[in-house]
Amino acid sequence: MKILVAVKQVATLDEDFEIRANGSDVEEDFLLYDLNEWDDFSLEEAMKIKESSDVEIEVVVVSIGPDRVDESLRKCLAKGADRAIRVWDDAIEGSDAIAIGRILAAVAQKEAPDMVFAGVQSSDQAYASTGISTAAYLDWPHAAVVADLQYKPGSGSAVIRRELEGGMLQEVEINCPAVLTIQLGINKPRYASLRGIKQAAAKPIEEVSLADVGLTGADVGADSSMSRVRRMYIPAKGRAQMIEGTIAEQAARLIQIINEFKGA
Amino acid sequence: MGIPDNADDLVKLAIKTGDVYIAAAVHKVAIGSDRKQLESLMFGKRRNALMLARWEHTPASVLQALSNSTDRAVVLRLDKNPNTPSQAMSNLYAEEEDGFKRSLSLTMLIAQHQHTPISILECIAKFDNDIESLIAVSRNPTVNADVLRVLMGRMATSHKFELFKKNVAANPSTTSDLLEEIYSESDAYTRAAVISHANCPRSLIEHAVNDDDVVVMRQLVVDKRLTKDVLARLVLSKDKAVRCSVASNLALTKMLIKQLVRDDSNAVRREIAARADLTAANIKCLMSDSDHWVRMWLARNPIVPRKVLERLSLDQHADVRRAVARNPRCPIGLLKILAKDENSWVRSAVAYQHKSPKRLMLGLAEDTDVDVLSGVANNPHTPQRILQKLTTSPEADIRRGVILNNKARRNTLLPLLEDPYYLHRLMLVDSSKLKEKDKWHLRNDPDFQVRFVVFKWFVNRLNKVIVQ
């Protein structure tokens, strides 16, 4: 029994940054990298299933990216994942979420997991489509924004609760294997133990090429993607205004604005 | 590896690690070529220089070294970093004058920085023509009255003069004569800020007594210099915020307190319930108040007699019972009863209460609620064997309680050096119960913040040794 967890190393930004000269992205020096927040929850959900199961379950994390991504994969290994796979080829640069889904599906076909988990979205790009495109390439059932999961390893179906608008939950029975995109708050992600971190440092990360999963450079990259980033920029400032004056005056103005919005 | 017993060895070790954060921690004790090596390690890559210029824990000596940077993005972050030291702010201002085309936004950041030397603030106040920079100086709490006075003259004809006066009225450095100057022709908000200023002269207080504006009255009524007659008049104010402020005035007479005990506004009665000069009759009235927040404030009040606490400990609202358990004068007999309360939030208050004796802690240690057990972990009367058991709790809050417990001994704390939560390991670096060798064990910690704090601790320890 195997669960494949797709994770991403995301970039975070401070308030001051510079855009690259070609306008395609933020200048590399201003980016800080970390594991995508949603993926912490996906991994934890997989670990919960592994730890509460009577049958042997292997949790495999997979990520697509250059060498620096190893740091995030080691974080997952430190939290208890059994194996880590990193797929990279320079041809992957410029791939959109759909092309990334194609690569993840190819990895899934090779690994033959019983379930695939991914985060609902990545905090840096927020397309929220990688998990779903993976399911499409696999031709597997999928469910997005999963806030609760009841799944017995080996079972042909799982019961999930999906988070909808207005605080509603939708309970769905889904055939397995399936791809689920996991929502924040579904569990309480653990911190890696020091022993786990030390052990993870010694564990190998499987480096996989496109050829290893039956793809070529022609299947990925900007040319094979359905969308391409034209430019990134900071839009002109909107209607925001600083509230000036003494503290009491600022408070009074805030109350006035709130009342205006409330129609009072 | 042994613990370095001198700064030179510690610095050499830091260089050997190649760790940017460790380098930052030891930078201030490094000299000569070692210091240069550390700086090339820290600033060699632009992303590290940018990170250190922004990081809230970057030591002042590192920010000082960075202030020679010609990278505009680094300079911007230094201008914004509240830890950037005074000398570095001087460098940054000089660079602005000499090297770069003068940037208005950077000057404004320098003008509002609390470590900017007064000589530079004075220079900006006298010679800069950017209104925003001048306004920023007027907001800076480290500015002195002389600079504010210079600004007063320059800003008088500015369209932002009103805003400037508001900043001056709120600035702790403003003197009473300046406050008097801006009071008379200002709007109500500025007058209110003047009245609430610590340096507000008595003459203005006396003047403000006749001010009808409610915004001014709200600030005026907390002033201890108000006469009984004025307070008696303000107690009758239609504005509940004014009455609320009167209720917290320490000069309030017994008669006026009696009046406010029956005020229509819950907020006013809550304020009264927290006073230290309540009479038995006041307390009797407030203990039956319909608003449970009033009863809660009364239950927290240390002047409340035992009989009243007993009655409040039976209150239907858990918040009131919890307040009784938190009262520093709550008798042990009552704590014993409240330790069995059905509400875990009440039991938690008993667990946190430092008066709770050892035998009570033994019972509460059997509780399953995380808040109760966090209280047990924090309590100085909890036996060591219980604390040792709590260090294995899966709940981080409970384990943190043990770390925060001043009575936790070294053997109790040692297992927590392996705690999965980095913040706990970081907190242990400052523990007076752990030995140096225990802390040195964390020098290779996987978390960069822990490594930084460990090396910083050893730098400070070496400095103390040198001073002694």
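The values are calculated or read from the model by the stated rules, or taken from the named source; none is laboratory data. None of these values were measured; they are calculated from a predicted model. Because the Cβ atoms are built from the backbone with ideal geometry, glycine has one as well, and the counts that use them run over all protein chains shown. To get the accessible areas, we keep the full protein, side chains included, count just its heavy atoms, and leave off ligands, DNA and RNA. Shrake-Rupley method; radii C 1.70, N 1.55, O 1.52, S 1.80 Å.
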What are the residue pairs meeting all of these: first residue in segment A:249-264, first residue within 14 Å of chain B (Cβ to nearest Cβ), second residue assigned to a helix (DSSP H, G or I) and open to solvent by 60 Å² or more (accessible area, probe 1.4 Å), Cβ atoms under 8 Å, and 6 or more apart or on different chains? none
Select the helices (runs of 4 or more DSSP H) contained entirely in segment A:22-114, then report the ones holding at least 2 residues which are in contact with a Lys or Arg (Cβ under 7 Å, 6 or more places away or on another chain). A:37-52, A:70-78
When you scan segment B:60-70, do you find a residue that is more than 14 Å from chain A (Cβ to nearest Cβ), open to solvent by 60 Å² or more (accessible area, probe 1.4 Å), part of a loop (DSSP other than H, G, I, E, B) and closer than 26 Å to residue B:438 by Cβ, even just one? no
Of the candidates B:329, B:311, the one satisfying the condition of being part of a helix (DSSP H, G or I) and over 25 Å from residue B:245 (Cα atoms) is B:311
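Would you call residue B:384 under 18 Å from residue B:421 (Cα atoms), away from every other protein chain (no Cβ under 14 Å) and at pLDDT 95 or above?
Values: under 18 Å from residue B:421 (Cα atoms): no; away from every other protein chain (no Cβ under 14 Å): yes; at pLDDT 95 or above: yes.
Against the criterion (under 18 Å from residue B:421 (Cα atoms), away from every other protein chain (no Cβ under 14 Å) and at pLDDT 95 or above), residue B:384 does not qualify.
Can you find a residue that is away from chain A (no Cβ under 14 Å), in contact with a Phe, Trp or Tyr (Cβ under 6 Å, 6 or more places away or on another chain) and of a type in the set (A, V, I, L, M) anywhere in segment B:145-155?
Taking every residue of segment B:145-155 in turn, at least one turns out to be away from chain A (no Cβ under 14 Å), in contact with a Phe, Trp or Tyr (Cβ under 6 Å, 6 or more places away or on another chain) and of a type in the set (A, V, I, L, M).
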Please specify each residue of segment A:19-41 satisfying the condition of being surrounded by 15 or more Cβ atoms within 10 Å (Cβ to Cβ) and of a type in the set (Phe, Trp, Tyr). A:30, A:38, A:41
Would you check if residue B:154 is surrounded by 15 or more Cβ atoms within 10 Å (Cβ to Cβ), within 20 Å of residue B:126 (Cβ to Cβ) and more than 31 Å from the chain's Cα centre (by Cα)? yes
Considering each of A:200, A:143, A:136 in turn, give the residue that is under 24 Å from residue A:101 (Cα atoms) and touching a Leu at 6+ places or on another chain (Cβ under 7 Å). A:143
Give the number of residues within segment B:163-178 that are in a helix (DSSP H, G or I), away from every other protein chain (no Cβ under 11 Å) and either β-branched (Val, Ile, Thr) or surrounded by fewer than 20 Cβ atoms within 10 Å (Cβ to Cβ) (or both). 2
So which residues in segment A:212-248 are part of a helix (DSSP H, G or I), open to solvent by less than 50 Å² (accessible area, probe 1.4 Å) and in contact (Cβ under 8 Å) with a residue 40 or more places away in the chain? A:213, A:217, A:219, A:222, A:224
Please verify whether residue A:205 is open to solvent by less than 100 Å² (accessible area, probe 1.4 Å) and touching a residue at least 40 places away in the same chain (Cβ under 8 Å), treating the condition exactly as stated. yes
Can residue B:34 be described as within 14 Å of chain A (Cβ to nearest Cβ) and not in a loop (DSSP other than H, G, I, E, B)? no
